[in-house]
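Taking it in order: structure first as structure tokens, then the write-up.
Values in this text are rule-based calculations from the coordinates and carry no lab data. Because the structure is predicted, anything quoted here is derived from the model rather than measured. Every residue, glycine as well, gets a Cβ built from its backbone with ideal geometry; the counts of neighbours run over all protein chains shown.
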């Protein structure tokens, strides 16, 4: 089965059109209105072209989404920084989060089948190679998957919170004030002692701090596994 990257683009025509322009327009539409705002008709309209012309470059919407994801993966490539495997995985997770906050629709596509575009493959190589250099390949693969699973889950939760805030018009603090009385009544029943302590005595941190802290804990667990003798 060939991919969109394996097929040559059609010959140039008088009106300039290519995959790069199509993908840029699709990313812009998704940034403005989410994945529901992306269709061949809307992309073609953004480019001033007929929808059928796009099919000469991209066969399906799934291919278009693959190209969009690969385009954003270019923003996740390491910028020549040096460091050990831990720094590589930490950097990968933070770059993924920053890309998803710039392009919230990306959160909906993270965690599916591995992307096969050149940028996505380069990102995966940059994450895997430093870990594979210090442990066996299977352990390295599980380590990258584990850190990735944490990052994807945390990113999706953060993006969901941002969307809820926009949909309701309530900031997190506004939401807490609005629902605080009911929560207080429930906690006063004594049925939720641990939750009550968390609400009244726990430290409230922002999303970036929560992400970084959880990531360090996951990396600590990976480090312990990597340092463990083979069974």
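Please give the FRET efficiency for residue 212 paired with residue 116, using the beta carbon to beta carbon distance and R0 = 35 Å, rounded to the nearest 0.05.
That gives a FRET efficiency of 0.70.
Taking Cα atoms, how many degrees apart are the long axis of helix 207-226 and the longest axis of the chain, rounded to 10 and kept between 0 and 90?
Tilt of helix 207-226: around 90 degrees.
At a 10 Å Cβ-Cβ cut-off, how would you order 219, 121, fewest neighbours first?
Lowest count first: 121, 219.
In nm, give the distance between the simple-model label positions of residue 156 and residue 204, each being 7 Å from the Cα along the Cα-to-Cβ direction.
Going by the 7 Å Cα→Cβ label model, 2.7 nm.
I need the per residue convex hull volume for the range 90-145, using only the alpha carbons, in cubic angstrom as a whole number.
Convex hull volume per residue, Cα atoms: 85 Å³.
Peptides 205-215, 23-33: what's the order by average Cβ count within 10 Å, highest mean first?
Result, highest mean first: 23-33, 205-215.
Label-point separation (nm) for residue 185 and residue 101, each offset 7 Å from Cα along Cα-to-Cβ?
For the pair residue 185/residue 101, the computed spacing is 3.7 nm.
With a 10 Å Cβ neighbour count serving as the proxy for reagent exposure, in which order, fewest first, do 60, 96 appear?
So the residues, fewest neighbours to most, are 60, 96.
Extension gain residue 141-residue 171, at 0.36 nm per residue separation less the Cα-Cα distance, in nm?
Going from the current span to full extension adds 6.9 nm.
So how do 200, 57 line up by other beta-carbon neighbours within 10 Å, fewest first?
With the sparsest Cβ surroundings first, the list reads 200, 57.
If one computes the Cα centroid of the range 143-211 and of the range 15-33, what distance in Å separates the two points?
35
Calculate, for residue 7 and residue 94, the FRET efficiency according to 1/(1 + (r/R0)^6) with r their C-beta to C-beta distance and R0 41 Å; round to the nearest 0.05.
Efficiency, from the Cβ-Cβ distance: 0.75.
Given Cα pairs under 8 Å that are at least 6 residues apart, what percent is the relative contact order of the range 74-226?
After rounding, I find 28 percent.
For the range 50-113, what does the alpha-carbon gyration tensor say about shape, rounded, prolate or oblate, given a ≥ b ≥ c as the root eigenvalues, a/c under 1.5 as rounded, and a/b over b/c as prolate?
Taking the square roots of the gyration eigenvalues as a ≥ b ≥ c, the range 50-113 is prolate.
What are the principal axis extents of the Cα atoms in the range 1-59, in Å, biggest first?
31, 30, 16
Grab the alpha carbons of the chain, take their convex hull, and tell me the volume per residue in Å³.
177
Divide by every residue of the chain the summed helix terms, -39500 (n - 2.57) for each DSSP H run of at least 4, and state the resulting mean residue ellipticity at 222 nm, rounded to the nearest 500 deg cm²/dmol.
-21500 deg cm²/dmol, from helical runs alone.
Classify the range 111-231: rounded, prolate or oblate, from the alpha-carbon gyration tensor (a ≥ b ≥ c, eigenvalue square roots; a/c under 1.5 rounded; otherwise prolate if a/b is larger than b/c)?
Cα axes put the range 111-231 in the oblate bin.
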